[in-house]
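Structure first, then comments.
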């Protein structure tokens, strides 16, 4: 029986090294990437059986990368391993593209168990997130997450919030600087923002970047 082939995506190299040492006795680690754009490129080339993806990836966050991955590789299992304990974010990821959701504070044995579950065609959500999701549902069972930003706006906002200039953002996304400026000021107009600090606050609210 062939061992499942796994691609790692996290911007903490030490953590990926720890994952590799933990998983290699049972699984084949075929690659490791540190940002969302590299993840899409590697996934298309390697076609892994499973991808472990952090939500807080630079250049393109894990949430938006996950949406693209599920379209590119519908048979690949996507397991979120993140610091983010927001039940609403977990629900969105699981509804849209993820097969499992795990926290970085989880034990290594739980990570292995989660991978086994996903490879067997099941889902896996760590108990802490499951509990929060149940509480959120009981508090407001009809609540839905509003998504007002377009996909392109999310990409532009993330890069600007990470500190890239409009020219650097344009180069990264293969757009013109004028197009990036259009998206930036359209976001500011739609959300009533006044400066770059407001843009950063919106990016944090939308979980495109983490508050540091």
- With label points set 7 Å from each Cα along the Cα-to-Cβ direction at residue 28 and residue 191, the distance between them in nm comes to 4.3 nm
- Alpha-carbon centroid distance for the pair region 39-61 / region 176-197, whole angstrom: 28 Å
- Message: If you consider only alpha-carbon coordinates, what radius of gyration and Dmax does region 5-139 have, in Å?
- Response: 13.7, 44
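Could you work out the relative contact order of region 5-139? I mean the mean sequence separation of Cα pairs under 8 Å and 6+ apart, divided by the number of residues, in percent.
Working: 213 pairs, mean separation 26.5, N = 135.
Relative contact order here is 20 percent.
Have a look at the DSSP beta bridges in the chain and tell me what percent are antiparallel, nearest 5. Numbers along the way, then the final one.
Values: 0 of 19 bridges.
In the chain, approximately 0 percent of DSSP beta bridges are antiparallel ones.
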- Give me the distance in nm between label points sitting 7 Å out from Cα along the Cα-to-Cβ direction at residue 205 and residue 71, one decimal. 2.6 nm
- Query: Where is the GNM fluctuation largest for the chain (alpha-carbon springs, 10 angstrom cutoff): 155, 24, 189?
  - Reply: 189
- region 1-123: antiparallel bridges as % of DSSP beta bridges, rounded to 5, reads 0 percent
- Helix-only mean residue ellipticity at 222 nm for the chain, each DSSP H run of n ≥ 4 adding -39500 (n - 2.57), per residue, nearest 500: -16000 deg cm²/dmol
- Query: Over region 151-205, how many percent of alpha carbon pairs lie in each 10 Å bin up to the one with the longest distance?
  - Reply: 27, 62, 12
- Item | Gaussian network model of the chain, springs between alpha carbon atoms under 10 Å - residue of 185, 101, 124 with greatest fluctuation | 185
- Query: Tell me, what is the FRET efficiency for residue 88 and residue 178 to the nearest 0.05, using R0 = 35 angstrom and their Cβ-Cβ distance as r?
  - Reply: 0.50
- Sorted by Cβ density within 10 Å, fewest first, the residues 210, 38: 210, 38
- Message: Connecting C-alpha atoms closer than 10 Å in a GNM of the chain, tell me which of 68, 105, 167 has the biggest fluctuation.
- Response: 105
- What shape does region 63-112 take by its C-alpha gyration tensor, where a ≥ b ≥ c are the square roots of the eigenvalues and a/c under 1.5 counts as rounded, a/b above b/c as prolate, and the rest as oblate? oblate
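FYI, it's all coordinate maths here, none of it is from the lab. Nothing here was measured: the structure is a model prediction, and the numbers come from that model. Here the Cβ is made from the backbone with ideal geometry for all residues, glycine too, and neighbour counts use every protein chain on show.
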